[in-house]
Every structure is written in C-alpha cells, then in structure tokens.
Amino acid sequence: MAHSAIAKVSVAVPVTNESSVKGSTFKTYSVSFGSKSWAPGYALDLKSNNLRLRKQSVVCMSVQQTATPKVAVSPLALEDVKEPPMHVYKAKEPYTGTIVSVERVVGPKAPGETCHIVIDHGGNVPYWEGQSYGVIPPGENPKKPGKPHNVRLYSIASTRYGDHFDGKTATLCVRRAVYYDPETGKEDPSKMGVCSNFLCDSKPGDKVQIAGPSGKVMLLPEDPNATHIMIATGTGVAPYRGYLRRMFMEDVPTYKFKGLAWLFLGVANTDSLLYDDEFTKYLKDHPDNFRYDTALSREHKNKKGGKMYVQDKIEEYSDEIFKLLDNGAHIYFCGLKGMMPGIQDTIKRVAEERGESWDEKLSQLKKNQQWHVEVY
C-alpha cells in the first residue's frame, strides 16, 4: 500500500503558553498595520497596546494550513454598550478629526480613483460596524453663501476598533467624483465632487469635520451563528470590510463568528477590486465560514455572453441564496442606487421561476429584518 507524503512546513510557535505571555519579556519590532496583511512568523505582543511584534521560536510541524492569528483589540469596553451610538456629533457642531493616512487602493487600469482614508477621532466619535459618518468639506456652500457645505454621508469601512485596533480611528473608502463633459470628453473641475476630492486630496495631519455616526439598517446582527449574504458594487463594499474584519481578523472575546459570510463584489476590472488581499486571506484561513465571488463587468461574461454584473452572479447562485434566505440568512445591498433595479428584477424573475411570489417573499424578509439596503 502506498503511503501519502506529509509535507513538513515551518510554522511559528510562541515559546510561552498563552497564560504566561503577559508576564514575559520580548524583543519588539514596530510594524505598520494599514489595509495590508502583515508578515507571517510574528504575533502580537499582548502586553502592549501599540501594535508591536515579538519574535517567536520556529519548530517543524506537520500541518494542513496555518491561519493568521487574530489581532487583539482595545478598549473592550466598546463591547459593553447595548445600543449603537447615534448622532454623537451633529452637523451644526461637528467633531474635528485628523487625517492619519490617504492611500489609493485601486490599480492603474481602474476607471477612476478610490482612496482608503483613515481618520483619527480620538475615541470621541464611536460607531458600530455598518454605520456612517457625515463629512462636512471646508468652504462655503455655493447655494447658501456664508453657510457651510451640506454634510456628505460615507459608510465606515472599519470595525469599531479602527484599522489601528485601538478604538481611535475610522476608515472611509471614497471614490473621487469627477465629471467629464460629454461634448469635449474633458474633465470639468467646476462639477467635481467637493467632498470626495477634498478627502482624496487630503494629507496626514489635515483636519476634517465629522458628524454622526448614523444609520441602523446596516448594523451587523450580533448572532455569531448567522448567515450574511453581502452584495456590493464599488465602494459599497465599505461596511462589509468592517463586518469581515470583526468576524475574521479581530480577537473579540465576546464575538466568535461561526456562521457563514458570503460576499459578492461587482467592479469594472481586476484593478478595481477593493480590499481583495484581505478577502482572499479570509478565504484561505476560513474556508468553511467565508465565500467570495466577484463580477468584473469588463472582464467576465455572463451566461448570455454579455457583461457580467453582480446580479448575474446572484442568478448563478440563486438556488443556494434562496435556500439560505428561507433558513433565516440576512442579505445586504450597498452601493450606487442604480444597482438595485437590475438586482431586484433578477431576483423577482428567479422567484417566479421557482413558483414563488417575490412581493410576498420580500415583504416577509423585511418583516423578519433579514433585508438590509443602503444605496446612494
């Protein structure tokens, strides 16, 4: 009988057990945690709050796969609040936050520019996953001379602990809004989006006026065994990044996700994919709890040979999706307003092909609080 070969791989194992970590002394190395994955072979120093790494001894073990260790977060008191924070700061009296970083997060072939913007709120404007911040760009409202600009809402793309895991930052995923004259084909700066351009052009240290948080419709249910079907176009992926970091990246003692998260992301092409490195990592580390499907309209074809949009992916997996909804799954839609008619038409057609009344089903999903929509 042939024996199958077992691959030997080097994995990092701490010298001390977990209970003794706090009392140990480590040589530490600074590391920057942005939207990128960190290098394997190191783990967080639990003794420290300032994101440092400690060395580990390396032993040889037979393993199938090693998942990235989860990240310690603080302050855990953010878990104690029973109701989501709402309108801590109003638009008339906003909080002055500080830009920490601005990073372009799409490739050179992406149509348009999308930026990952981290804002320091000092722990003063707490929020929950799925909520939004209002941003008031500097300057005067051209329609109301002497008055500030109207507030612009942006879905928050981080968990309540922020990208630095300390509860003091919030992340926005912003596409720069530009306008091209249909006759000349040239960009018209007079019609560009005031707030998105302000945010994408901002530099570390710049001040930003924020209001909020607001919104309850996209809040992540706390049931750790729930199924979440998340459908996004473009920057509509923002709230889902927060959900998925909470589920798969952060070590929150009171929230251990054991359900299923299924993300459908529709963008133009590979260069337009947002946070793909994070999502791909979750897929590798948590294959039983995460699914990830993309619809690249300029690269993929649907079954009829046309451009592949997110609704085509939904149709492709419609049997599974309907079964999950029948078993209590939550379904979320976030992105441009224009995404919904195509999606609704597709779902309605699929329901009718299954002999179901979509109007009745939709009414039931809304009644059960399984249906969550945030479009702009």
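The values are calculated or read from the model by the stated rules, or taken from the named source; none is laboratory data. Bear in mind that the values here come from a model prediction, so they are computed numbers and not experimental data. Note that each Cβ is placed from the backbone with ideal geometry, even for glycine, and that neighbours are counted across all protein chains shown. Note: accessible area is taken over every heavy atom of the protein model, side chains too, but ligands, DNA and RNA are not part of it. Shrake-Rupley method; radii C 1.70, N 1.55, O 1.52, S 1.80 Å.
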**Prompt:** Which far-off residues, 5 or more places away or on another chain, put their amide H under 5 Å from the one on H149, with H placed in the peptide plane?
**Reply:** N141
**Asked** How high is the relative contact order of region 122-220, in percent, with contacts defined as C-alpha pairs under 8 Å that are six or more residues apart?
**Response** 36 percent
**Item:** Rg [Å, one decimal], Dmax [Å, integer] - region 227-375, C-alpha atoms
**Value:** 15.2, 48
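Take Y376, Y154, Y180 and sort them by solvent-accessible surface of the protein heavy atoms, 1.4 Å probe, largest at the top.
Final ranking, largest accessible area leading: Y180, Y376, Y154.
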**Message:** Using only the alpha-carbon atoms, what does region 76-214 span along each of its principal axes? Please give whole angstrom values in decreasing order.
**Reply:** 56, 39, 25
**Prompt:** Which FRET efficiency, nearest 0.05, do E103 and K367 yield, Cβ-Cβ r, R0 41 Å?
**Reply:** 0.50
**Request:** Between L219 and K303, take the C-beta separation as r, use R0 = 35 Å, and let me know the FRET efficiency to the nearest 0.05.
**Result:** 0.50
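Might you tell me the accessible area per residue for region 227-375, computed with a 1.4 Å probe and given in Å²?
43 Å²
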**Pairs beyond 29 Å (Cα-Cα), from K191/K313; K90/K337; K303/K361; K109/K186** = K191/K313
**Request:** Measure out, as a whole number of angstrom, how far apart the alpha-carbon centroids of region 168-223 and region 306-370 sit.
**Result:** 28 Å
**Request:** Compute from the Cα atoms of region 136-216 the Rg and the Dmax, the latter being the longest Cα-Cα distance, and quote both in angstrom.
**Result:** 15.3, 49
**Asked** Which value, in Å² and to the nearest 10, is the accessible area of W128 when all protein chains are kept and the probe is 1.4 Å?
**Response** 40 Å²
**Prompt:** When the solvent-accessible surface of protein heavy atoms is calculated with a 1.4 angstrom probe, in what order do T98, T254 fall, highest first?
**Reply:** T254, T98
**DSSP beta bridge pairing in region 223-376, given as percent antiparallel to the nearest 5** = 10 percent
**Message:** Quick check: at a probe of 1.4 Å, how many percent of the accessible area of region 227-375 sits on carbon and sulfur atoms?
**Reply:** 47 percent
**Prompt:** Largest first, how would S357, S214 line up by accessible area (1.4 Å probe)?
**Reply:** S357, S214
